[in-house]
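To start, the structure under review is shown below, and the notes come after it.
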Amino acid sequence: MAHTRISLYQPPDINPTQAAIAYGCRALPKLNEELQSEDLLTRQKALMALCDLMHDPEHIYVAIKTGCLENLRALLKDPNHLVRIKATEVLSIMAAHNVGREGFLEHDIIAALSFLLNDSQMACRVNTHLAFKHLAQLPSGALGIVNSGLIPSLVWQLHTEQENVQEILLDTLAACLLEDASEALASRAVPFLKEMLLSNNDNIRTRAASTLTAVSIPLEGKKQVCQYDVIPILVHLLKDPVEKVQANAAGALMYATVTTEGKYAALDAEAIRPLLNLLSSSLIKARLNAIKALTMLAEAPEGRKFLQAQVPIFRALQMDPSEAVQRAAQVAIKVIEWKP
């Protein structure tokens, strides 16, 4: 005979750590109300639910219109570390989408997040840096970070943070320094990056060379790269086992060798031969950067004399699958064959 029995287990597919999500258009307004609750568990559950919902750009749009960003900004100051961690996680997910990045700029989230750069919780700092990294992919977002005066703090953290955070930081700085590198240069970014070029971590070397490329664009950056004797290290990295490191090192040399001092520093470091080897790289970026760096070196009489015997290599590159490489090869040939 059958008996009625109540199970002691939770119903299937129910997450007890997450707030129940209301149906349809009521979902986000209800979660927004729960973010303001005085009950700690209610706030935590609402944040857990938002972490799932914010992967959809439509939900991000509704969340911003509902006022979630204002409440999330307030929760960044919550004394409970789990609330701060989940609030920064929600914001980092939102920042991965354009609608979220625009919301950050409209609601001044950058300044609020900046106070968590030195939070005691590692997860909180990681989420904060991820949010800044995503935001910096938008030029206006990168400019917003620069205008918030955060660059000196971010540069200093290159020296103090753990490697997993350093990788995120370098991505953020590489994007921001394309907008304005002056504060980074005043904060000793070049010596810090020089140290990171020598890292045993492939990702750190790749990103450090990329960031150094951005910092070498202004004239002051070019001067500091020579001043701190970075060029010999970049030449050494042209022979790195990681192709992306080679490509980024060539990119940094491409800018550093615009000045006469940079040209002769690269020639003294015997940069021409490893740059020529990069012309057969499988990466378009590596071939393109190497051609442009060699073009800079060909402007010096000593470089032009050495490269005149290598013109057939550049002529072959005029048939490269990449149109950018073809154009760069044509320019290189003109510079190498120029006669006074």
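Here are a few things to note about the model shown:
- Here the relative contact order of the range 14-147, from alpha carbon pairs under 8 Å that lie six or more residues apart, stands at 20 percent.
- With both labels modelled 7 Å from their Cα along Cα-to-Cβ, the Ala111 to Glu323 distance reads 4.5 nm.
- Carbon/sulfur fraction of accessible area - the chain, other protein chains in place, 1.4 Å, %: 54 percent
- Neighbour-limited loop hits for chymotrypsin sites (Phe, Trp or Tyr not before Pro), the range 306-340 (at most 13 other Cβ within 10 Å; DSSP other than H, G, I, E, B): Trp338
- In this structure the chain gives 49 Å² per residue of accessible area when probed at 1.4 Å with all protein chains present.
- Lysines with Cα under 18 Å of Lys223, excluding same-chain neighbours fewer than 8 positions away: Lys194, Lys263
- Charge tally for Val325 (other residues, Cβ to Cβ under 11 Å; Lys, Arg +1; Asp, Glu -1): +2.
- About its Cα centre, the dipole of the chain is roughly 820 debye, where the only charges are +1 on Lys and Arg Cβ and -1 on Asp and Glu Cβ.
- With the whole protein complex present, Tyr228 retains an accessible surface near 60 Å², based on a 1.4 Å probe.
- Dipole magnitude for the range 120-268: about 40 debye, using +1 per Lys or Arg Cβ and -1 per Asp or Glu Cβ, origin at the Cα centre.
- Applying a DSSP loop filter and a limit of 16 other Cβ atoms within 10 Å to the trypsin sites (Lys or Arg not before Pro) in the range 64-118 leaves Lys77.
- Tensor-based shape of the range 107-153 (alpha-carbon gyration tensor, a/c under 1.5 rounded, otherwise prolate or oblate): prolate
The values are calculated or read from the model by the stated rules, or taken from the named source; none is laboratory data. In this text the structure is predicted, and so the values were computed from the model without any measurement. Ideal geometry is used to build each Cβ from the backbone, glycine not excepted, and the neighbour counts take in all protein chains shown. What goes into the accessible areas is simple: the full protein's heavy atoms, side chains included, and nothing from ligands, DNA or RNA. Shrake-Rupley method; radii C 1.70, N 1.55, O 1.52, S 1.80 Å.
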